[in-house]
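Written below as structure tokens is the structure these notes are about.
The values are calculated or read from the model by the stated rules, or taken from the named source; none is laboratory data. Predicted, not measured: the structure shown is a model, and the values here were computed from it. A quick note on method: Cβ atoms are made from the backbone with ideal geometry, for glycine too, and the neighbour counts reach across all protein chains shown. Remember, those area values only see protein heavy atoms, side chains included, never the ligands or the DNA or RNA. Shrake-Rupley method; radii C 1.70, N 1.55, O 1.52, S 1.80 Å.
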Amino acid sequence: MSNALFSPTIPHFFQPLLPGFHLSIPLSFFKDYLKGQINCESAVLRSYGRTWSVKIRDRRFEDGWQDFARDHDLHVGDFLVFRYGGNMVFDVVVFDTSACQRQYPLLATQTQQPAKEIG
């Protein structure tokens, strides 16, 4: 049997949200996909059409993480999946304690103007 390993073209990692709301990038993920990146001190988290800039210290999400957690109404026991898109950009999907993807209201990207009557 071969010792060759399959390497995903779009790598992911997951993290459960534990008390204290601290979240770290797993060491093996960091070594395999992020080590040597030009800017490992910050990341962009994308979720449901919005973005958050987050500082990273010792693989741990810091400044900006609190905003992401608040905006997603995260709770202990929630489960987050991070899909790495390259250049320190992660697409994040949130699952709640029911093991289902959390539903969020659609956020308007532009202020909608009322329709004008013609005539």
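When each of 53, 42, 28, 98 is tested for being modelled with pLDDT of 90 or more, open to solvent by less than 40 Å² (accessible area, probe 1.4 Å) and among the polar types (S, T, N, Q), the lone residue that passes is 42. Which numbered condition trips up residue 66, out of (1) open to solvent by less than 100 Å² (accessible area, probe 1.4 Å); (2) at pLDDT 90 or above? If we test residue 66 against (1) open to solvent by less than 100 Å² (accessible area, probe 1.4 Å); (2) at pLDDT 90 or above, just (1) comes out false. You will find that of 34, 80, 23, 18, the residue that is surrounded by 15 or more Cβ atoms within 10 Å (Cβ to Cβ), at pLDDT below 95 and out of contact with any helix residue (DSSP H, G or I) (no Cβ under 9 Å at 6 or more places or on another chain) is 34 and no other.
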